[in-house]
Amino acid sequence: MQFHIETMTCGGCVRGVTKAIQSVDPAADVKADPATHTVSVTSTAPREQLVTVLTNAGFAPA
């Protein structure tokens, strides 16, 4: 899955995004690039659940 998160701009944001996703799926593989505001996720969790947890953490995908 790919997400575009405009508010992800630094390493702290990357950690926050990763922590939010892994709170739903601890085995998720998360690759985040703050320069391009993109997150690639390999997870068994449904996309809607990840969108919800990211939004609740302050990183709403565009």
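Report the residue count in region 24-42 for those that are over 11 Å from the mean Cα position of the chain (by Cα) and among the hydroxyl-bearing types (Ser, Thr, Tyr).
The number of residues fulfilling the criteria is 1.
Can you tell me which residue among Ala28, Ala20, Ala60 is at pLDDT 95 or above and either out of contact with any helix residue (DSSP H, G or I) (no Cβ under 9 Å at 6 or more places or on another chain) or under 12 Å from Met8 (Cα atoms) (or both)?
Step by step, each of Ala28, Ala20, Ala60 is checked, and only Ala60 is at pLDDT 95 or above and either out of contact with any helix residue (DSSP H, G or I) (no Cβ under 9 Å at 6 or more places or on another chain) or under 12 Å from Met8 (Cα atoms) (or both).
When you check Gly16 against the structure, is it touching a residue at least 12 places away in the same chain (Cβ under 8 Å), surrounded by 15 or more Cβ atoms within 10 Å (Cβ to Cβ) and in contact with a Gly (Cβ under 9 Å, 6 or more places away or on another chain), yes or no?
Answer is yes for this residue.
Out of all the residues in region 4-13, which are surrounded by 11 or more Cβ atoms within 10 Å (Cβ to Cβ) and either under 12 Å from Ala57 (Cβ atoms) or charged (D, E, K, R) (or both)?
Ile5, Thr7, Met8, Cys13
Looking at (1) part of a helix (DSSP H, G or I); (2) surrounded by 13 or more Cβ atoms within 10 Å (Cβ to Cβ), which one does Val30 not meet, given that it meets all the others?
The one condition Val30 does not meet is (1).
Return the residues of region 33-62 that are open to solvent by less than 70 Å² (accessible area, probe 1.4 Å), among the small types (Gly, Ala, Ser) and under 15 Å from Gln2 (Cα atoms); say none if nothing qualifies.
Ser40, Ser43, Ala45, Ala60
If you go through region 45-55 one residue at a time, do you hit one that is of a type in the set (A, V, I, L, M, F, W, C), outside any loop (DSSP other than H, G, I, E, B) and touching a Ser or Thr at 6+ places or on another chain (Cβ under 6 Å)?
Within region 45-55 (the criterion being of a type in the set (A, V, I, L, M, F, W, C), outside any loop (DSSP other than H, G, I, E, B) and touching a Ser or Thr at 6+ places or on another chain (Cβ under 6 Å)), the answer is no, since none of the residues qualifies.
The values are calculated or read from the model by the stated rules, or taken from the named source; none is laboratory data. This one's a predicted model, so the numbers in the text were calculated from it and none came from an experiment. Here the Cβ is made from the backbone with ideal geometry for all residues, glycine too, and neighbour counts use every protein chain on show. When the accessible area is computed, the model is the full protein with side chains, heavy atoms only, and any ligands, DNA or RNA have been set aside. Shrake-Rupley method; radii C 1.70, N 1.55, O 1.52, S 1.80 Å.
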